[in-house]
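One structure is given below, encoded as structure tokens.
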């Protein structure tokens, strides 16, 4: 049995890559170019802030719904949704071993910290 769902949204992703050594020969890291991939969509961003006077930090969590063709990303990757950059939290949670004989895709957890 196979099923397919529309993936009407595009998300940009990038990975951390090895960069050139610095002036002291120490390895550096850099970002790969952004690449676009189709996705099913994402959940409404959830914002968390403690109720503290003077607190100036906002944490935004998003669950990205991805098709089976979405690339495997490392925990150091980033995704860009509607112009905002999010860090990837963990690996793609894939559902390719379901008891129903088909792969609906997966879930990618994202986080953005502001402040």
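Since every read-out is calculated from the coordinates, none of them should be taken as a lab result. Predicted model only: the values in this text are computed from it and were never measured. Note that each Cβ is placed from the backbone with ideal geometry, even for glycine, and that neighbours are counted across all protein chains shown.
A few comments on the model shown:
- Flag if residue 33 is under 20 Å from the mean Cα position of the chain (by Cα), under 25 Å from residue 82 (Cα atoms) and in a loop (DSSP other than H, G, I, E, B): yes
- Contacts under 9 angstrom Cβ, first residue in the range 6-20 being at negative phi and free of Cβ contacts under 8 Å to residues at least 60 places away in the same chain, partner assigned to a loop (DSSP other than H, G, I, E, B) and surrounded by 11 or more Cβ atoms within 10 Å (Cβ to Cβ), 6 or more apart: 6/40; 8/40; 9/40; 17/32
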